[in-house]
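The values are calculated or read from the model by the stated rules, or taken from the named source; none is laboratory data. The model shown is predicted, which means the values in this text are computed figures rather than measured ones. All Cβ positions, glycine included, derive from the backbone under ideal geometry; neighbour counts span all protein chains shown.
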Amino acid sequence: MSKITTPQAIRGTQDMLGEDALRFGHVVETFEHVRRLYGFGRVEVPVFEATAVFSRSLGETTDVVSKEMYTFEDRGGDSLTLRPEFTAGISRAYLTNGWQQHAPLKVATHGPLFRYERPQKGRFRQFHQLDAEVIGSAEPAADVELLVFADQLLHELGVAEGVTLTLNTLGDQATREAWREALIRHFEAHRDALSEESVDRLSRNPLRILDSKDPRDIPIAAAAPTIDDHLSSEAGAFFEAVTRGLQAAGVAWTRNPRLVRGLDYYRHTAFEFVTDRLGAQGTVLGGGRYDGLIEALGGPATPAVGWAAGIERLAMLIDAPAPAGIQAAIVPMGAAAEAVATGLLASLRRAGIAADMAYRGNMKRRMQKADASGARFAVIIGDDEIARGEAAVKNLVEGSQTMVPLDKVGEAVSR
């Protein structure tokens, strides 16, 4: 008989327990706390969509669409894709559910995303992100609110030190068109010196040459025209309003004129919170304004802005929180005590008191488990205690022990 091979986790996925799970959970809990402070409603969207949702939003020629998406044909013959990001799915939901009636819509979510890429530190094929969006607002105040939201999240996680907000403007449509033409002229003049990839990008997406890491492209990109040379007065006023709002809110920022977004539907604000604490993978949170996306999905022109942050990357930056403590460990002695203890355990938990009880073991072993759990109290119940309607409540920190009526145990252990 052949030996059964134990299944292994798929490359680029992860199993979490203990400290890793605590870090991950703390990031999510902190995000949920801050999003409620800012009035962002919780939104949920499917983990897979029609492939067109992502190919239209991310662009057919981007690496994500051409190389990284998990795309498959279902039994009905439809092409479906596991979501590689949140924004497209949320935008599709905004259109198909008639959420325009709620505009401006402030929503946030978190969950798994999927990209087929080379796994590396803090980057997985199934990874997880936090996401926040404001859809239906053209005002720079929406950009400011999202940036202040992100800044507070990083501060409440305790990772703001060493993280810098880098900010740029991509201008309005007129600005982008003028800048794009100037970039094409510049790069065409240096075509022979560009990398093969940048030559390919030149006709399709010249803005992406600006963030090329190829040594042949870097000096040419550094000498390229800047967007400020082509910024319309309206776009300049929008960017100034964003920076004034950040100053009023006490959020520090640095201008990065080379921070770009290649797709045409991006407008105005682009930003990244970056750190050198993650090596080459320095961005912990990023986003921008995408006023043309919903129109690209077939909807009306709709202003929108949002950001996303990798949960795994943020979790790498924080200290592991202490495990949730147990206030009381129940220690029954005998079958009759087991039944009473089970009822008491349920009562304590329903009263909001963290309590636990070992499934088996004699008193000595159960007391050892109570100590190991970090419980503050051990609640000991035996035949004598049942007869008197009491329990022995032992303070495991001080070592003292008192007899307490069974219906008063909750009060005793919650002091």
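Kindly list the number of the only condition in (1) in a helix (DSSP H, G or I); (2) of a type in the set (Lys, Arg); (3) loosely packed, with under 14 Cβ neighbours inside 10 Å that fails for Arg360.
(1)
Filter the range 71-81 down to residues that are in contact (Cβ under 8 Å) with a residue 24 or more places away in the chain and over 23 Å from Gly292 (Cα atoms) and give me whichever is surrounded by the most Cβ atoms within 10 Å (Cβ to Cβ).
Keep residues of the range 71-81 that are in contact (Cβ under 8 Å) with a residue 24 or more places away in the chain, which gives 78-81.
Those left that are additionally over 23 Å from Gly292 (Cα atoms): 78-80.
Details: Asp78: 10, Ser79: 12, Leu80: 16.
Per the stated criteria, the residue is Leu80.
Could you tell me which residue of the range 297-325 is farthest from the chain's Cα centre (by Cα), considering only residues that are surrounded by fewer than 17 Cβ atoms within 10 Å (Cβ to Cβ) and of a type in the set (A, V, I, L, M, F, W, C)?
At the first step, the residues of the range 297-325 found to be surrounded by fewer than 17 Cβ atoms within 10 Å (Cβ to Cβ) are 298-301, 318-325.
In the following step, the residues that additionally are of a type in the set (A, V, I, L, M, F, W, C) were identified as 301, 318, 320, 322, 324.
Numbers: Ala301: 27, Ile318: 14, Ala320: 17, Ala322: 21, Ala324: 22 Å.
Checked the range 297-325; the qualifying residue farthest from the chain's Cα centre (by Cα) is Ala301.
Quick one: which residue in Arg11, Arg36 is surrounded by fewer than 17 Cβ atoms within 10 Å (Cβ to Cβ) and modelled with pLDDT of 95 or more? Working first, answer last.
Working: Arg11 fails: modelled with pLDDT of 95 or more.
Going through Arg11, Arg36 in turn, the sole match is Arg36.
When both residues are 6+ apart or on different chains and their Cβ atoms are under 7 Å apart, which pairs have a first residue that lies in the range 245-256 and is of a type outside the set (S, T, N, Q) and modelled with pLDDT of 95 or more, and a second that is part of a loop (DSSP other than H, G, I, E, B) and surrounded by 10 or more Cβ atoms within 10 Å (Cβ to Cβ)?
The qualifying pairs are Leu246/Trp253.
State which residue is surrounded by the most Cβ atoms within 10 Å (Cβ to Cβ) when the search covers only the range 115-162 and only residues that are under 22 Å from Ser55 (Cα atoms) and among the polar types (S, T, N, Q).
Gln129
Looking at Ala378, Ala354, which is the one that is free of Cβ contacts under 8 Å to residues at least 40 places away in the same chain and aliphatic (A, V, I, L, M)? Break it down stepwise before answering.
Numbers: Ala378 fails: free of Cβ contacts under 8 Å to residues at least 40 places away in the same chain.
Being free of Cβ contacts under 8 Å to residues at least 40 places away in the same chain and aliphatic (A, V, I, L, M) holds for just one of Ala378, Ala354, which is Ala354.
Could you tell me which numbered condition Val305 fails, if it satisfies all but one of (1) among the β-branched types (Val, Ile, Thr); (2) touching a helix residue (DSSP H, G or I) at 6+ places or on another chain (Cβ under 6 Å); (3) closer than 25 Å to Arg23 by Cα?
(3)
Restrict the check to the range 18-33 and report whether at least one residue is part of a helix (DSSP H, G or I), free of Cβ contacts under 8 Å to residues at least 12 places away in the same chain and over 13 Å from the mean Cα position of the chain (by Cα).
Yes; the residues of the range 18-33 include at least one that is part of a helix (DSSP H, G or I), free of Cβ contacts under 8 Å to residues at least 12 places away in the same chain and over 13 Å from the mean Cα position of the chain (by Cα).
Of the residues that make up the range 75-96, is at least one assigned to a strand (DSSP E or B) and either under 16 Å from the mean Cα position of the chain (by Cα) or among the charged types (D, E, K, R) (or both)?
First, the residues of the range 75-96 that are assigned to a strand (DSSP E or B): 79-82.
Filter once more, so that each one left must be either under 16 Å from the mean Cα position of the chain (by Cα) or among the charged types (D, E, K, R) (or both): none.
Looking through the range 75-96, none of the residues is assigned to a strand (DSSP E or B) and either under 16 Å from the mean Cα position of the chain (by Cα) or among the charged types (D, E, K, R) (or both).
Six or more apart or on different chains, Cβ atoms under 7 Å: show the pairs whose first residue is in the range 206-230 and assigned by TED's automatic domain parsing to the domain that holds Asn168 and within 18 Å of Leu263 (Cα to Cα) and whose second is surrounded by fewer than 20 Cβ atoms within 10 Å (Cβ to Cβ) and of a type in the set (D, E, K, R).
none
With respect to Thr166, is the statement that it is out of contact with any helix residue (DSSP H, G or I) (no Cβ under 7 Å at 6 or more places or on another chain), under 30 Å from Pro321 (Cα atoms) and touching a residue at least 24 places away in the same chain (Cβ under 8 Å) true? Can you show your working first?
Values: out of contact with any helix residue (DSSP H, G or I) (no Cβ under 7 Å at 6 or more places or on another chain): yes; under 30 Å from Pro321 (Cα atoms): yes; touching a residue at least 24 places away in the same chain (Cβ under 8 Å): yes.
For Thr166, the condition - out of contact with any helix residue (DSSP H, G or I) (no Cβ under 7 Å at 6 or more places or on another chain), under 30 Å from Pro321 (Cα atoms) and touching a residue at least 24 places away in the same chain (Cβ under 8 Å) - is met.
Out of Glu117, Glu133, report the one residue that is in contact (Cβ under 8 Å) with a residue 40 or more places away in the chain and in a loop (DSSP other than H, G, I, E, B).
None of the other options fit; the residue is Glu117.
Of all residues in the range 383-404, which are assigned to a loop (DSSP other than H, G, I, E, B) and either in contact with a Leu (Cβ under 7 Å, 6 or more places away or on another chain) or surrounded by 18 or more Cβ atoms within 10 Å (Cβ to Cβ) (or both)?
First pass over the range 383-404, keeping only residues assigned to a loop (DSSP other than H, G, I, E, B): 389, 396-400.
Within the range 383-404, Gly389, Leu396 qualify.
Across the range 34-52, what is the total count of residues that are among the aliphatic types (A, V, I, L, M), under 18 Å from the mean Cα position of the chain (by Cα) and either under 24 Å from Pro84 (Cβ atoms) or part of a loop (DSSP other than H, G, I, E, B) (or both)? Spell out the reasoning first.
Here is the first cut: in the range 34-52, the residues among the aliphatic types (A, V, I, L, M) are 34, 37, 43, 45, 47, 50, 52.
Checking the rest, the ones that are also under 18 Å from the mean Cα position of the chain (by Cα) come to 34, 37, 43, 45, 47.
Narrowing the set further to residues that are either under 24 Å from Pro84 (Cβ atoms) or part of a loop (DSSP other than H, G, I, E, B) (or both) leaves 43, 45, 47.
Going through the range 34-52 one residue at a time, the tally reaches 3.
Taking Val251 and the conditions (1) out of contact with any helix residue (DSSP H, G or I) (no Cβ under 6 Å at 6 or more places or on another chain); (2) more than 26 Å from Ser91 (Cα to Cα), which numbered condition does it fall short on, given that it satisfies the others?
Only one criterion in (1) out of contact with any helix residue (DSSP H, G or I) (no Cβ under 6 Å at 6 or more places or on another chain); (2) more than 26 Å from Ser91 (Cα to Cα) is unmet by Val251, namely (1).
Taking only the range 252-285 into account, find how many residues are crowded, with 19+ Cβ neighbours inside 10 Å, under 22 Å from the mean Cα position of the chain (by Cα) and not hydrophobic (A, V, I, L, M, F, W, C).
Of the residues in the range 252-285, 5 are crowded, with 19+ Cβ neighbours inside 10 Å, under 22 Å from the mean Cα position of the chain (by Cα) and not hydrophobic (A, V, I, L, M, F, W, C).
Got at least one residue in the range 174-182 being surrounded by 14 or more Cβ atoms within 10 Å (Cβ to Cβ), over 22 Å from Glu272 (Cβ atoms) and either in the same structural domain as Val305 (by TED's automatic domain parsing) or of a type outside the set (Val, Ile, Thr) (or both)? Show your work before the answer.
Quick first cut of the range 174-182, residues surrounded by 14 or more Cβ atoms within 10 Å (Cβ to Cβ) only: 175-176, 178-180, 182.
If we keep only those that are over 22 Å from Glu272 (Cβ atoms) as well, we get 178, 182.
Filter once more, so that each one left must be either in the same structural domain as Val305 (by TED's automatic domain parsing) or of a type outside the set (Val, Ile, Thr) (or both): 178, 182.
Yes: one or more hits.
Quick check: anything in the range 146-153 in a helix (DSSP H, G or I) and more than 23 Å from Tyr266 (Cβ to Cβ)? Walk me through how you get there before you give the answer.
Here is the first cut: in the range 146-153, the ones in a helix (DSSP H, G or I) are 146-153.
Next cut, more than 23 Å from Tyr266 (Cβ to Cβ) only: 152.
Yes, because at least one residue in the range 146-153 is in a helix (DSSP H, G or I) and more than 23 Å from Tyr266 (Cβ to Cβ).
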